[in-house]
Amino acid sequence: MAAKSLFQSPNPKHVPFLKSDQTLVLPHVVSLPNSKTTAKRLVVSSSSSSSSSAVLAPHILTSPVASPLVSRAQAPLARVWREIQGCNNWKDLIEPTLNPLLQQEITRYGNLVSTCYKAFDLNPNSKRYLNCKYGKQTLLQETGVDQAEEYQVTKYIYATPDINISISPIQNEANRGARWVGYVAVSSDESVKRLGRRDIVVTFRGTVTNPEWVTNFMSSLAPARFDPHNARPEVKVESGFLSLYTSDESESKFGLESCRQQLLSEISRLVNKYKGEDMSITLAGHSMGSSLAHLLAYDIAELGLNRRMGERDVPITVFSFAGPRVGNLGFKKRCEELGVKVLRITNVNDPITKLPGVLFNENFRVLGGFYELPWSCSCYAHVGVQLTLDFFDVQNISCVHDLGTYIDLLNRRRINSRSADSDKEKDNDIFSLEFLKRKGENMMFLKGQRRVHWTNVVDLLSSVSDHMLYCNIF
C-alpha cells in the first residue's frame, strides 16, 4: 500500500493497538526513537469490539483514584497567574491531574499560535504570498480566536533563512527573502483585570517553506553569543535555528532587520510603555516556532530586558508545542539560572521532539550516574518541564505532530508529566483518556503546501543521523 502523505486531511479510521506491559504496541508501524526516561504516558484504549476499519471511539479505562484538584483550580487567574506561568515549575499543577486553569491557559496560547498557520498565505499568485493575509487590527478576529478583543497585535515578525544550496526550487524560494513567522500582541486594558497582569505575547508558527526545512537540519551546535559583554562560548544552540533568528536582509533595498532585532526592539518598547504594571512575557510556538521561542526567551533574559529597577523581574515563560531540542547542556543550565520557565507539550510518538541529538542527548551524557562523558558538553538537551501526551493513528500519521490535535487532546484527558531532568519512568501511573472523535476536521498543515510522504521523512531522518552524530560529538 502506498505510504500515506505526511500532510493530509485527517482520516477518521484508526487501527486499534494493544497495551502490553505498559508499553504501546503499534501494528505495522515503523519504530521511532524514544528516550529511556519517557514521561508517564497516557494510552489510548480501543474497544475490544472495534476493528481496523472502525471509527476511533475508545472506551475509557477506569483510572487510579485521582487526588483532589489543588485549591488553585478554584482560584481566579488574576490571583494565581504567576504559578500558572511556572514560577514554581508547575509543581502540583500537572501531576497527578492537569490543573484546569493551566489547561485553559495552554489551550488559549495554543490557539494564538494556530492563528499563524491560518493567516499564512501560501498562494503563489497572491500579492501577500509568504506573508500574513490580514492586517494587525483584524488578525485575531479573522482567524476565529475566542475573545479576540483580549489582545491587540502590535507587530508582525519576519524571518530570513540564511541558506546557500544549489537545488533550484529551494534556492528560488529562499531568494524571495523574509517570510512572516508570527506576531507580537499585548493584552488589552479590559483583559488585564481577568489575567491579573499586562501580558506580552509572542507566537511563532512551525516549518512551512522548503528553506525552513533546510535550516531545521542544520544540526551542528554554534555559540549563541547574545550578550555583547559576555559571549559565554559554552552556551550553544542549533546553527539552523540561530541562523533563522539572527539573519537579516541588510543588503536588500528594503533593509529588513533580523527576526531577533525586530523582536527585541518591540518587546523593549512594550516593557517600557507599561512599566509600573504587573507584567508577563509569554512566548508560544509550534515545532520550529518553539525553537524561536526558546531563543527569544534566553535572549531577553540574558540581556536583562525583563529586569526593572526597584520592581520584580518580569517573568518569562515559554509554552512549547511539539518542539525539538534547541541547545546544549550549557544552554539549558543558563536558561535555568536566568529563571526562564519552559513548559513543553509533547507526544511520545512525535519524531520531531526527539531531534536533534537522537542518540547523544541529555539521557546519554553520564555513565553509571556518576562519570560525565567527554562529549556531554556537546550533547543536545531539552529545557524545562515536560507534559506528555501519547497518541497515534496509523491511518493518519501526520496527526502525531499536528498542532490542532495537540490542542484538542489537551481538552479531553487527564495528563501526567515529568521534569526534563527526570531519570525514572513511573510506569504504574498510566491514566486513560478520551481520544478525539474526528470526522472531517481540518489538520493544521496548510492547503497548498507540498506533500511529503512519511517514508521519505523517515529516510531523511536516517540519512542525516550520521551528520548529526558527527556534529554533536566533535
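The phi-based Karplus calculation (6.51 cos²θ - 1.76 cosθ + 1.60; θ = phi - 60°) puts the 3J(HN,Hα) values of the range 142-159 at 5, 9, x, 6, 5, 6, 4, 5, 5, 10, 10, 6, 10, 7, 8, 10, 10, 10 Hz, whole numbers, x for Gly and Pro. As a rough guide to protection, the peptides 85-95, 288-298 ranked by mean Cβ packing within 10 Å, highest first, stand as 288-298, 85-95.
Pairs of Cα atoms nearer than 8 Å and 6+ residues apart set the relative contact order; for the range 105-152 it is 32 percent. For the peptides 302-310, 121-129, residues were scored by their other Cβ atoms within 10 Å and the scores averaged per peptide; the highest-first order is 302-310, 121-129.
For the residue pairs Lys275/Lys333; Lys193/Lys273; Lys193/Lys332; Lys91/Lys333; Lys155/Lys275, the C-alpha atoms sit more than 25 angstrom apart in Lys275/Lys333; Lys193/Lys332.
All of the numbers you see were taken from the coordinates with simple rules; none came from a lab. Being a predicted model, the structure only gives us computed values, none of them experimental. Virtual Cβ from ideal backbone geometry, glycine too; neighbours counted across all protein chains shown.
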